[in-house]
Structures are given as C-alpha cells and as structure tokens.
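Encoded as structure tokens, the structure appears first; notes follow it.
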Amino acid sequence: MPSFSDALKSQVGRKILTGVTGVGLIVFIIFHLATNLQVFGDAHAFNEAAHALESMGWLLYILEAGLAVAFLLHAYVGISIWWNRRQARPEGYEKYQSKGGPSHMSWASKSMIFTGIVLLVFLVIHIDTFKFGATEMVTLPGGEQARDLKGLMIDTFQQPLWAFGYTAVMILLGFHLGHGFWSAFTSLTMKHNKYSALIYTVGVIFAVLMAVGFLFIPLYIYFGGGCEAALIQCQ
Amino acid sequence: MNLDSKVPSGPLEEKWSKHLNDIKLVAPNNKRKHDVIVVGTGLAGGSAAASLAELGYNVKSFCIQDSARRAHSIAAQGGINAAKNYPNDGDTIWRLFYDTIKGGDYRSRESNTYRLAEISNEIIDQAVAQGVPFAREYGGLLANRSFGGAQVSRTFYARGQTGQQLLLGAYQAMMRQVSEGNIEMHTRHEMLDLVVIDGKARGIVTRDLVSGEIQRWMADAVVLASGGYGNAFYLSTNAKNSNVTAAWRCHKRGAAFANPCYVQIHPTCIPVSGDYQSKLTLMSESLRNDGRVWVPKDKDDDRHPNDIPDEERYYYLEEKYPAFGNLVPRDVASRNAKIVCDEGMGVGPTGRAVYLDFRDAIEREGKKAISDKYGNLFEMYENITDDNPYEEPMRIFPAVHYTMGGLWVDYNLQSNIPGLFVAGEANFSDHGANRLGASALMQGLSDGYFIIPYTIGNYIAGTDLDEVSKDHEAFDEAADNAQSQIDKLFEVDGDKSVIEFHRELGQIMWDKVGISRSEEGLKEAISEIQDLREEFWNNVRVPGESSNYNKYLEFAGRVADFLELGELMAKDALHRDESCGCHLRAEHQTEEGEALRNDEEYSYVAAWEFQGVNGELQEELHKEDLEFDFVELKQRSYK
Amino acid sequence: MADTFTVHLKIWRQDGPDQPGKLVDYTLDKVNEHMSFLEMLDVLNEEIVAEGKEEPIEFDYDCREGICGSCNLVINGQAHGPKDMTCTCQLHMRNFSDGDTIVIEPFRAKAFPVIKDLVVDRSAFDRIIEAGGYVSVKTGSAPDANSIPIDKTVADTAFDYATCIGCGACVAACPNSSASLFTGAKLAHLNRLPQGEPERKKRTVAMVEQMDEEGFGDCSNYAECEAVCPKGISISAIAEMRRNYVKATLAGTEA
Ligand SMILES: Cc1cc2nc3c(=O)[nH]c(=O)nc-3n(C[C@H](O)[C@H](O)[C@H](O)COP(=O)(O)OP(=O)(O)OC[C@H]3O[C@@H](n4cnc5c(N)ncnc54)[C@H](O)[C@@H]3O)c2cc1C
Ligand code: HEM
Ligand code: HEM
Ligand code: SF4
Ligand code: F3S
Ligand code: FES
C-alpha cells in the first residue's frame, strides 16, 4: 500500500484533495456570505460580527491558517491538474466537440483554471483591501473599540472600479462553483446514478445563490443603498 | 505420413483420466528452462498461454491485433455449453457428448468429443472464479438457456457478449502472467512461417506489423491457436483479421490439413446490403428461441411483411421439422433458407433473405420480456439496417461462420509435426462435420486451459530437445521465405487491388463451395481459383512499403494463402462424395433434402499433405479412420 | 437501393510516430447511406490504391461489429463520431448528409502515440490491466461455479462495467486525457464481485498507480468520457475507484 503522502500525490489522491479543499472553501464562503450579509442589518451588526471573529484570538489564527492551507493546496492542486493535462495531450485536436448527453462539459467546467486563477488574484487584492486595509476605529454598542470594516466596505464599493470589478469576480465565482459543487461530490466518491442529476442541479442553484448573494453587496452599496442602511458617515 | 491418433485404450469415461495418469511430467524447476510459443490470444491461445505460464514455462505469445484482448473470440455472442445440469433437465456428460457427436454427423473422434464434454464443467468453474459475470437467476445462481440442436438448457451466457466476457477472463489471466514475467507478449506480430528442425517444431518467424521487421523466435514447442479460416469466403462473420496464414504456412511445412471442406454457415446473419460490404454480422442464434422463420408463400408477394396474413406465410422450419421447429441445427436452418430463396420466395431488395419474426413472442411475453432477452441484438440490428425489429420482422440470411476443418491433431492436440500443437478453431478436432452452437467457446477453452498444458509437458518430458540457435539454416530459410514472399508481392506491381481478388475468391467459394456443392460446381471452382491465383501473382497491386505499418500488405499475404486453401477446400469437398453435416453434396440428399452420409466409404478424417503448387495445388490425401465403439451411427433427423 | 451522395473528408495523415502530421482533403462521391463509416474509408482507400499516387489511409479495425474495441477515430471532434453508444465501425453513413465535411483524426494522448495515420498504440491499457486487472486464480483450482451465489443485481452491475471494450475513446474525448473511466470500469467490475474481493485494495492501488505512470491526465469529472463510451459506462465507476482507493490507503499496509 502506498504511504499517505504518496497516495496524495497520485492522480486519485490529488483529486480527493481538490474535493476536500473545495468543500472546505464552500463551507467558508457560506459563512463568509452570512457575515457579509450583516451589512444589511442594523448599523453595528456587521462590525460586531467581524469584531466577534477577531476576538476569537488563537482560535481564529487556527481557522485562518487552516483556510490559508486549504486555499493554497486547492490552488496548487488545481493548477497542477491543469499542467498535467497539457502534458497528457501534447498535440491537440484540430476539431473538438462535446458529445452532450451525460457530459458535464460546459463553459463552467472548461474554465475552472481561468476562474480559479482570477479568484486567486482576487483574493490577494481582497485580503489586502479588507483584512489589512486601514480603517477607522468605531465604538460598538457594547463599548469595545473595533475596526470600522463597514465603513471601509462602503468607501471601497462607492468607487465604480471596485464595485464592478467585484461583481465580475463574483460572477466568475458562480461559474467556478457551478461545476465545482457537483464535481467535489463526485471527487469525494459521492456519485450515484440516481442522485447525480439532483446534486448537479442543487450545485447550480447554490452557485447562483452565492454569486448573487455576494455581488449584491458591492452593487447595492454603489447604487447608494449602503448609506441609508449604514447611518454612519456617508459622503 | 503418420496419423496415429494416440487415443488411449479403455472405456470412454476413463480415457482422459487414465491418460492424465500416464502422462510424463516436467519437474517444476525445469519448466523455467523451456520456452513455449503460443500463436494467437483468442480463447484457445489466451487460456493456453496463461495456464502454461502459470505452470512455469516461459511463454512467448503473439497476436495480430494491438492487444491480446481483441482476438476474434471477443465477438462470440450466444454462450458456452457445459453439462452442469443446473436446471435439472436431465443433462449429463454423456448427453452433451452424444449431442456433439450427432450434431457433427458422426465425423469426429469419439474420444476427443467425450473429453470435451467431460471438461466442459471445469471451464464454467474456472470462468466464474475469474469473475466472468455470467447471467444469474434471482436466487443468485447461474442461469442457463437452450441453444440450437439441444433439447436441454445447458448454455451459460453473459447477455449477448459471452465470448467477450470469457476472453477477457483469459486475457486477464494472461496479463497476470505478463506482470509476473512468465509471458512475453508480442502484439501486432504476424506469424509467417514455422521453423522445423530435425523434424520437430522449434520456432516461428514473424513480421512486426509496425516496423515491418522479420523476426525469429525459438522454442521447445509451438502452440498454434490462430483461429478459423472462414474468411476464405471474403464475406463471413469472422473479424477482418481472421486468416489462415499461420495454419497454412504450417501445412506447407508438413502439417496435415484435415477436413478443409467442413464449413459452417450460420443461418441468422444480417443480409448483404451492397458491394461495399466488408463483413457480415451475426445475429445470435438464441434469437431462434423466440423468433419464427418464414417467407411469403407467394413468390411475388411484395406486401409489407406485417400485412401478410398467417395463412399466406410459409413457416418452413416449423412445417418441415415439427419436433425442433425453428431450433433445428445450423446447417439444416441455413440450407432451408437457401432452398426457399432459390425457389424465389426470398425477401428484401436482393431476394436473398428470409424473415425472422418476433410478433408472436412479443404478443405472448410482452415487449419488455423480449427486450430483456435480446435488447442489445435488436439495437444492433436496427443500427445496421435502420429497421425496427420490434415492429417488423428481421431479415436474415445465412453466412459463413465457423470452420470445423483445420490442422490435423492427435488426442494430445499435437499435429503430425512433433512439437507443433494446435488448439481452438485452428485444429479440426471435436466438431466433426458440423459444430453445435455454444460449443466452440467450450472447445477453445478446454484445449487451452485443460488439455494443452498437460500434453505439452508430456511431449517436453519425453523428447530430446537439442540446443538450437536462431542462426540455424532452418531459421534462415524460413526468414528468407517470409521476406521473399513479401518482396514478390511488391514486385508484381499490377493494377488490381488485393480486396478485389479476395472478393472474387469469396464469390467463387460462396457459389460453388458454399451451402450446397456439386461435382460440376466444385470442378469449376477449382479451375477458377487456379486462374484467379495465377492472375493474382501477375496483377496484384500492393501499395506502400514493407518497412512500415501496411494493412494492404498484410492482407495480400493472407489472400495469397486463401487462394491456395480455397482450392484445397474445393478438392476436399469434391473428393468427399457423400453429404455429412454442413457438407452437402447436391448428389447425396435424402428426399427431405437432408445430408445423406455414406459411412461405408467416408467414415474417416481426410488429412491432406502439401506437395507443392505449380499452377495446380498438389496435395496427397491420407485417411484416419473413425471408429465408433460407443455410439451407434444413425441418420440424423430433427423431425 | 439508396442514392449515393458526396462527402468531403479532412483526414489526418502522419507517416510515423515522430513525423509531423496534417489534415489532407479528400472528396468521395460514392457514399451510400447503408455503408458503415469504415466501409466508406475502404472505398476511399480503394480509390487511392487505384490512383497509385499515395499510400492508403491506415486505420485500426477488426471485428467491425462493435465489440473488439479496435476501431478508434475521432470524427468531427467526437470520439467514435456523432451517434451515442456506437463504435466507429457501427456508425453508418446515414448519419451524414450530402455535401458534409467530415474531419477525421486519431485518438490523441501522450499515452497513445500515433503509429501511422489514424492508428495509435494503446498498449498502456494492457499495462494497466497487467498491474492488477484480474483475479488471481490458478487454472483448475476453482470451486464449483454455483458454490458462491451472487445477488443478481450485483452480477448485472458487474456485467455493465465488464462490457468495456478497451477502445480508449474515454481517453480521446477527455479534455485531460484521463484513463479513469477505463480503469474505473475494470475495478468496478472486479471489486464488487466476491471473487474479486480479496485483491480489491491491492488491485485498486496498483491500477491507479499504473495509470499515473503511463502519463494519462487527472480526472476533473467532465463526464465527456461517459458521453462517448460506446458501452455507456457510467462515471460512477470513477467515483467508486476513488472510494476504494481511499479505503485502501487508509487501511495502510495490509494488502
Ligand atoms: C460472430 C461470432 C459469434 C460466435 N458465437 C459463438 C458462440 O456463441 N458460442 C460459441 O461457442 N462459439 C461462437 N463462435 C465461434 C467462436 O467464437 C470461435 O470459434 C472461437 O472464438 C475461436 O477461438 P480461437 O481461440 O480458436 O481463435 P480466435 O479467437 O480467432 O483467435 C485467433 C488468434 O490468433 C491470432 N492470429 C491469427 N493468425 C495469426 C498469425 N498469423 N500470427 C499471429 N497471430 C495470429 C489472432 O490475432 C488471434 O489472437 C462465434 C463466432 C463468431 C464469428
Ligand atoms: C484560490 C484560487 C482557486 C484556484 C486556482 C482554483 C482552481 C480550481 C481548479 C483548477 C479546479 C478544477 C480541478 C480539476 O480540474 O479537477 C477547482 C475545483 C474546485 N474549486 Fe477551485 N480554485 C480556487 C478557488 C476556489 C474557491 C474560492 C472555491 C470555493 C469557494 C473553490 C471551489 C472549488 C470546488 C468545489 C472545486 C471542485 C473540486 C473537485 O472537482 O473535486 N475553488 N478549483
Ligand atoms: C462582495 C463580496 C465580499 C465582501 C464584501 C467581502 C468582505 C470581506 C471583509 C470585510 C473581510 C475582512 C474580514 C476581517 O478582517 O475580519 C474579508 C476577508 C476575507 N474574505 Fe471576503 N468578502 C467578499 C468576498 C469574498 C470571496 C468571494 C472570497 C473567497 C473566494 C473571500 C475571501 C475572504 C478571505 C479569505 C478573507 C480573510 C479572512 C480571514 O483571514 O479572516 N471574500 N472579506
Ligand atoms: S470505458 Fe468505454 S470508452 Fe473507455 S475504453 Fe471502455 S468502452 Fe472504450
Ligand atoms: S471526461 Fe475526463 S475528466 Fe474524468 S469524468 Fe471523464 S475522465
Ligand atoms: S472494429 Fe471492433 S469494435 Fe469497431
């Protein structure tokens, strides 16, 4: 039997890894969206939520480290799969066409590497903007001082480039998940002739929900929505 | 020529076990020192190679296809017989033996046929243990069905892909030995000659079909399992690469060719649709379990078959053979199809077809039941013909399917050249003048798994095998021979294509050496084949070059051999002035059109010895008399 | 008899493994709707041979009835052509119309090097089977065939996977050139039968490793392989392969 690390390097191992990390990331973005949607709650809800997270201390570091590992592994394996694929067919077809039927070839599945890399670039910028971006401090109802992330968000998304850039990326995220959700189930060996179509449909719905959920935020703020809800300094 | 059949003495039931007791064994550590060449990876070759390698011999295996798994055996559809008597319908080894002897119209060796029936059960055990997914009942046990020529259900099957599943079992067993280093596999290699040194088979010469290189291989014994020669007819149900070359070149080196005229014509094939036709597709015989064969009573009836009422249909098999009806043996069914078509009752655009109708079965059992049984065959039919057999009858016609003749072998499956063993369809052994459905798979596997591995040991242990080298003059001669034939083919540089010649040969064979043969026709055939062969060597065009992958060159060599074999088939048919099994001489039939045997004069195996070709093929006839100590010879009747 | 019609063909010609290849144009005007695709190529070859200007087109085939798995063409970008559940040799010209342009290419993958024109070397598949695609049973050592009853549905499902003809279309069509469907099908056949159980883990790991070694790509769950598979083998086989692989790996050292 192969050692655990050898197994992970094998084709099947790699695929299990994309699946595991993919599902991990799905779980993360569900939470992330839930937190982000607090922007639409009362004035302090979002900042409170963010602050609550930041107050977790070492637990947060562990979670963040786990997340970072998941992202990096996921990206690494995803890119290596794409690299292998180029090695595995040095000379391409003059004409190639999907046969349809049970095939899951779609723009979404064919563009995983593209949407993935866009997400990678996005993440770098995203974390730089929000996680490490300079913010003012606000006093929460409970009395603690916290970063005014909500303000930062509103500042950011009032600029068209940021607002529409995010929107575009969120659409690509939708596509990534459109194939990714179903694919992760299959990678994690949950493929059954009976439920497969159902999982695929659920995946597409999930992808649309995620994309729309996220992109709603920058668009809403850009078109001025954030100001009324925020009740804080809006220029 | 020595045609000693080496059949052990004693009662039929004890011959094989007694023989096994007497056989000499090779010590396990000595087996490593012996090389065995196996040509062919079909059921016979694959199973032989796997079992020999498992025993410890160094096996070198060869096939034409790009993988051992693609041998022609893969195409067998219907099933494999065994006397397991699982359905408890009274089957026994004796009954399977008896049906096979009777089916073969008493032209096979009792002892071999009995052994085949005896071994049949072990084959099923072996296949199941390998993971061959035979059909099962809901109770989890194996299912059986009945097949032409038998009144018991003894056929095991894996949907319509029995040959595929059995072959994959043998192939996988082979691959296991490849991984253990006991088999050296050479795919895309064609055997072009046999090397005989001091009267013993010591090697072969092959052509690497990719590089064109002529190569030499040495061994202590050679097993030939290269399949049948039905493609002499050009159109047949055999795969395109099936050929007689390996066997024929052995014949030219001295191996006797037995009963070449015994050719089985399968009754249920999809009819020819045009002159571009490259092969014929078999519809499994199992279809006759539920399909009813008929033609319109009125020759000029050109109504759609569904519009022809029952009383205007001629269910000729049911009328002529009430006991067996549509399940008469293949030769009887084929011959009757030809008769009704010759009488002008044939259907379809060419008038060379009869209906096989499932209307009544569908009414009786429902469409679902029929599709469960034959779904894939129905789809295949519809795919090829564009007609839907659930809605209108299939059109079928006989086609060449199997060759009972082949290289002569003794009870050990050894040819008259010591060290040359022949297995499967390539030998003549067990089916006499006609083979029953589902018994070729049985024979191939019985030869390969259970007979050859023992008898080869007996040969090797009992023979002085001197060191030889690949530089021996016999190797030089064989290699030069192979190369010069290729050079000659290119030198002709004529303007008629290889396929054209093959097609013309096929036409002669079908018309005159086919379902029904007459003295006059056979004589014509012989001279026409001679002319065609002459023309071939003066006017064939072989494109390309020999140092590269070149399918046309491969075919040219095979057609050249068919052009000789065809003449021998006609000669054999001409000399056999009786009818038996599939060999129907128009001059010898009962009033009902049945084959009329002449046991007094022809109860023998005709073994031909090659003498040369110069315009005419020269062959000397030798006879192995067939003795029937245990069964009584009867006129076959399926009434 | 049907009328004949004309097709324009663009066929990949390549002299050998290391030579460059290209698409060459041919026009064939004697096409009959009942011809099989390969018979159409036979007719074209006969014309090429008669003209004598170039070598005939090489392509693989044997049984011509959809079972041996020899035939292997990519027709208009689809492995085995446009018809579902059909091999190249069982594709008929009635699926094309007068004036159609048909592009014919070989199966392309690093693990399937071109031998000549449309003929490729698929021996990598043999090596995958060699790695473990069998049940180790010695000739003659088998118990009575009915001694192990097998649930009919299990046997039937095993059969569904066992029908793989080893054609390689799954690899040809897979954007990643993955051999997962082929490998998965053999594993799904043997692993679910009681006969295959003892070697299940070892077999799974060995075959997966061999697949890597041959240079096939990873599986990204595109399921294009299932779409082109002439036997309609489901990619559930691939998921099952992963499951068995994980189990084998977690099981650690035991064989
Ligand atoms: C369509 C069809 C359906 C059938 N259905 C049934 C059935 O249901 N039941 C049944 O019992 N029988 C059936 N048969 C008959 C049966 O399939 C064959 O008789 C049997 O498979 C022959 O097996 P074999 O091993 O002797 O030869 P084959 O399977 O023909 O194998 C021949 C091997 O020899 C190799 N070879 C040939 N020439 C050379 C050479 N010169 N050099 C190197 N290698 C060479 C080939 O590459 C191949 O590997 C059917 C036959 C056909 C055509
Ligand atoms: C960091 C940047 C990312 C890159 C480079 C990337 C790349 C990829 C690639 C190339 C694949 C396809 C793998 C294959 O072909 O088999 C993939 C699959 C997947 N991705 Fe991403 N991705 C990224 C981020 C994300 C994110 C943020 C999520 C979820 C929120 C995600 C979820 C998934 C899922 C679920 C799959 C399917 C896994 C599988 O097939 O097993 N990815 N990713
Ligand atoms: C409109 C959409 C989004 C908004 C408004 C948003 C907002 C934020 C904010 C405010 C933070 C800082 C949280 C903090 O520092 O406590 C953050 C962090 C982060 N976001 Fe987003 N985000 C969005 C989309 C995404 C998407 C699509 C991804 C993933 C693909 C993502 C991944 C991350 C990550 C990884 C962090 C760092 C988390 C940490 O280290 O705690 N975000 N985001
Ligand atoms: S899985 Fe299907 S496509 Fe792949 S080799 Fe087997 S039969 Fe061909
Ligand atoms: S198309 Fe390829 S990516 Fe996987 S599901 Fe099939 S092997
Ligand atoms: S030629 Fe055998 S499957 Fe097509």
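Need one number: % antiparallel among DSSP beta bridges in the protein assembly as shown, to the nearest 5. Kindly include the intermediate steps, with their values, before the conclusion.
Working: 69 of 93 bridges.
Roughly 75 percent of the beta bridges in the protein assembly as shown run antiparallel, per DSSP.
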Pick out the long, greasy-scoring helices in chain B: whole DSSP H runs spanning 27 Å or more along their own axis by Cα, mean Kyte-Doolittle at least -1.0. B:110-130, B:473-492, B:551-575
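Fewest first, what order do B:H72, B:H251, A:H126, B:H186 take by the number of other Cβ atoms within 10 Å? Don't skip to the end; give the middle numbers.
Details: B:H72 32, B:H251 27, A:H126 14, B:H186 19.
The most exposed by this proxy come first: A:H126, B:H186, B:H251, B:H72.
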Approximate spin-label separation B:S518-A:A197, in nm, with each point projected 7 Å along Cα-to-Cβ: 6.2 nm
Magnitude of the Cβ-charge dipole of segment A:85-235, K/R +1 and D/E -1, about the Cα centre, nearest 20 debye? 980 debye
Local net charge near A:T135, Cβ-Cβ under 12 Å (Lys/Arg +1, Asp/Glu -1): -1
Farthest positive-ward along chain C dipole, Cα basis, beta-carbon charges - from C:V119, C:V49, C:I148: C:I148
Which Cys in chain C stand alone, with every other cysteine's Cβ at 4.7 Å or more from theirs? C:C87, C:C164, C:C167, C:C174, C:C219, C:C229
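Among B:453-463, B:356-366, how do they line up by average Cβ neighbours within 10 Å per residue, starting with the highest? Before the final figure, lay out the partial values.
Details: B:453-463: 19.6, B:356-366: 16.3.
Sorting B:453-463, B:356-366 by mean packing, highest first, produces B:453-463, B:356-366.
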Across peptide C:239-246, how many C-beta atoms of other chains are within 10 Å of each residue C-beta, on average? 6
Dipole of the protein assembly as shown, positive direction: furthest Cα of B:V513, B:Q443, A:S103, with charges on the beta-carbon: A:S103
So the angle from the long Cα axis of helix A:45-54 to the longest Cα principal axis of chain A, reported in degrees to the nearest 10, equals 70 degrees
Inter-label distance for B:E545 and B:Q215, nm, one decimal - labels placed 7 Å from Cα along Cα-to-Cβ: 2.1 nm
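Counting alpha carbon pairs within less than 8 Å and at least 6 residues apart, what relative contact order, in whole percent, applies to segment A:1-125? Intermediate values should be presented prior to the final figure.
Values: 41 pairs, mean separation 32.1, N = 125.
Computed over segment A:1-125, the figure is 26 percent.
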Only loop residues by DSSP count here, and only those with at most 16 other Cβ atoms within 10 Å; note down the GluC sites (Glu not before Pro) in segment B:533-591 that meet that. B:E545, B:E587, B:E591
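Taking the Cα centre of the protein assembly as shown as origin, sum charge times position over the Cβ atoms of Lys and Arg (+1) and Asp and Glu (-1), and report the length of that vector in debye to the nearest 20. Before the final figure, lay out each step's value.
Values: 107 positive and 154 negative charges, 807 e Å.
Charge dipole, the protein assembly as shown, about its Cα centre: 3880 debye, nearest 20.
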If contacts are Cα pairs under 8 angstrom and at least 6 residues apart, what is the relative contact order of segment B:473-599 in percent? 29 percent
Contact order normalised by residue count of segment A:90-155, Cα under 8 Å, 6+ apart, percent: 18 percent
Exercise: per-residue mean of other protein chain Cβ atoms within 10 Å, C:110-117: 3
If I model a spin label at B:K18 and B:E184 as a point 7 Å from the Cα along the Cα→Cβ vector, what separation in nanometres do I get? 4.1 nm
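Suppose every K and R has +1 on its Cβ and every D and E has -1 on its Cβ; what is the size of the dipole of segment C:4-105 about the Cα centre, in Debye to the nearest 20? All intermediate terms of the calculation are to be shown ahead of the outcome.
Working: 8 positive and 20 negative charges, 60 e Å.
That gives segment C:4-105 a dipole magnitude of about 280 debye.
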Gap in Å between the Cα centre of segment B:352-406 and the Cα centre of segment B:452-512? 39 Å
Which one of A:Y93, C:C71, B:V196 has its Cα pushed farthest toward the positive end of the charge dipole of the protein assembly as shown, where Lys and Arg give +1 and Asp and Glu give -1 at the Cβ? A:Y93
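How would C:I233, B:I452, A:I171 line up from fewest to most surrounding beta-carbon atoms within 10 angstrom?
Numbers: C:I233 24, B:I452 31, A:I171 15.
Ordered from fewest to most neighbouring Cβ atoms within 10 Å, C:I233, B:I452, A:I171 come out as A:I171, C:I233, B:I452.
May I ask you to sort B:T100, C:T183, A:T139 by Cβ crowding, counting other Cβ atoms within 10 Å and putting the fewest first? List each step's numbers first, then the result.
Details: B:T100 28, C:T183 31, A:T139 12.
Result, fewest neighbours first: A:T139, B:T100, C:T183.
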Longest segment of chain A with no chymotrypsin sites (Phe, Trp or Tyr not before Pro) in a DSSP loop having at most 12 other Cβ atoms within 10 Å? A:1-131
Across B:585-592, the residue-averaged tally of Cβ atoms belonging to other chains within 10 Å stands at 0
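Only the coordinates and a few stated rules stand behind these numbers; no lab work does. In this text the structure is predicted, and so the values were computed from the model without any measurement. With ideal geometry, Cβ positions are generated from the backbone for all residues, glycine too; neighbour counts draw on all protein chains shown.
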